[in-house]
Each structure stands twice: as C-alpha cells, then as structure tokens.
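Data first, discussion second: the structure below is written as structure tokens.
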Amino acid sequence: MNIMNRSNTKRLFIAIELPEEIQNQVENCQIGIPTAKWVKKENLHLTLQFLGEIETENFYLIRQMLKIIKGTSFSMVLKQPNVFYKKQKILWLKAEPESPIVELRNRILKILKTEKNHLRNLEINEKEKFLPHVTIARMYEVNQRKLNDYLLTFRDFSTQEFKVNTFVLFSSILKPNGAIYKKEEIYELEEEL
C-alpha cells in the first residue's frame with residue numbers, strides 16, 4: 001500500500017487568479033442564501049487543472065515544466081450564476097469566452113501528459129467535461145425556493161471584462177474554516193496582438 005507522508009507533499013492546482021476589483025464585484029452577489037458557505041473573495045479563482053497531492057520532488061519538476069507553456073493573454077467576464085448538483089450543491093459563475101481558457105488548459109494538459117510517467121500521483125481527469133467557471137459557494141443543505149430566487153435575482157449578473165495576463169500554480173492547505181492558498185509560481189502570458 002502506497003501511503004504518502006503529507007509533510008513531503010503539496011496539494012497543488014493550476015488556476016487563473018481574479019483581480020481584486022473582480023473579486024469585489026463577485027462578492028457583491030454572494031448574498032441571499034443563509035446556508036451557503038461562500039468562498040472568501042481572496043480565494044476566488046478559476047481552476048484550470050487540479051493536480052492533487054504531489055511529492056516535493058515532483059512539485060519542482062511541475063513548476064519548471066509550466067514555464068515552457070506559451071500562451072497569449074486574453075479578456076474574459078464572469079456571469080450568470082448556476083448550480084452543479086453533486087453531493088453538495090456548487091454555486092458558480094460561468095467564464096466567457098470559453099475558447100481561450102480551454103486553449104490555455106489544453107496547453108497545460110499537453111505538457112503534464114508528456115511528463116506524466118515521471119510524475120507519481122498526478123491527477124488528470126480528462127473524462128469530465130471542462131467547463132470554465134468560478135465556484136462562489138458550496139451548500140450541503142439549501143432551501144430550493146431560496147436557491148431559485150437567487151438564480152432569478154442574479155440571472156443578469158456580469159463582472160466587468162478583465163484581462164488575464166498570468167496563470168498561477170497554487171498549493172492549498174485544507175483547514176476547518178476553509179482552504180489556505182499559496183501562490184507557488186506565477187506564469188506570464190504574452191500580450192495579445
């Protein structure tokens with residue numbers, strides 16, 4: 001049985017960080033559902049790829065591998081709250097346009113897959129369709145009427161358009177009152193022509 005020593009691992013994910021003004025706009029729609037566990041504004045992000053618990057030696061390799069990704073900056077907006085119905089309900093905002101986000105994610109996946117044999121415990125789930133979104137709340141129990149009212153109230157919600165110039169390799173530490181995220185490396189995207 002392979003049991004990893006957590007002190008020798010980092011829980012990693014790759015994401016687009018939201019600018020502070022966009023975090024503030026999203027925070028303005030995090031109201032109206034008393035049982036929702038709202039994501040703290042400083043933790044709002046768009047996950048491109050969750051990597052899982054990665055051994056320290058592989059962390060350094062991944063950090064270096066991501067430096068060779070070439071991509072172009074792009075603009076996007078977050079809009080129209082919706083819900084994923086899983087064990088818990090996930091309230092999220094759709095990211096548009098999808099194509100540059102999907103393209104960036106595909107470049108990341110291509111690099112990771114080429115080196116997957118060298119990386120133990122790397123989680124890459126390609127079976128689940130990738131839908132660019134930002135999770136804004138989690139709910140284990142919720143009054144369906146309140147949720148429907150919320151979705152109706154914020155159906156026209158949209159952030160201002162914002163520029164994505166970077167993507168980030170984050171580590172996270174799970175705590176009882178929520179995860180703590182640390183930026184491990186920031187990767188620049190080239191200016192769009």
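The values are calculated or read from the model by the stated rules, or taken from the named source; none is laboratory data. Bear in mind the structure is a predicted one, so any value in this text is a computation, not a measurement. Cβ coordinates were reconstructed from backbone atoms using ideal geometry, including for glycine residues, and neighbour counts include every protein chain displayed. To get the accessible areas, we keep the full protein, side chains included, count just its heavy atoms, and leave off ligands, DNA and RNA. Shrake-Rupley method; radii C 1.70, N 1.55, O 1.52, S 1.80 Å.
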> When both residues are 6+ apart or on different chains and their Cβ atoms are under 6 Å apart, which pairs have a first residue that lies in the stretch 76-100 and is at pLDDT 95 or above, and a second that is acidic (Asp, Glu) and open to solvent by 40 Å² or more (accessible area, probe 1.4 Å)?
Replying inline: Val77/Glu96; Val77/Glu161
> Within the stretch 157-185, which residues are open to solvent by 40 Å² or more (accessible area, probe 1.4 Å) and touching a residue at least 24 places away in the same chain (Cβ under 8 Å)?
Replying inline: Ser158, Gln160, Glu161, Lys163, Asn165, Ile173, Leu174, Tyr181, Lys183, Glu185
>> Where the second residue is in a helix (DSSP H, G or I) and open to solvent by 10 Å² or more (accessible area, probe 1.4 Å) and the first is free of Cβ contacts under 8 Å to residues at least 24 places away in the same chain and more than 20 Å from Ile180 (Cα to Cα) and lies in the stretch 43-67, which pairs have Cβ atoms under 9 Å and are six or more apart or on separate chains?
In response: Glu57/Asn8
> Does Glu141 satisfy the condition of being modelled with pLDDT under 85 and not basic (Lys, Arg)?
Replying inline: no
> Do you know which residues across the stretch 99-108 are closer than 23 Å to Leu12 by Cα and either open to solvent by 20 Å² or more (accessible area, probe 1.4 Å) or of a type in the set (Lys, Arg) (or both)?
Replying inline: Pro100, Val102, Glu103, Arg105, Asn106, Arg107
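Being closer than 30 Å to Thr9 by Cα and either modelled with pLDDT under 95 or polar (S, T, N, Q) (or both) narrows it down to one residue among Lys129, Lys183, Lys146; which is it?
Lys129
Go through Thr135, Thr153 for me and flag whichever is modelled with pLDDT of 90 or more and surrounded by 15 or more Cβ atoms within 10 Å (Cβ to Cβ). First the steps, then the outcome.
Details: Thr153 fails: surrounded by 15 or more Cβ atoms within 10 Å (Cβ to Cβ).
Just a single option satisfies the conditions, and that option is Thr135.
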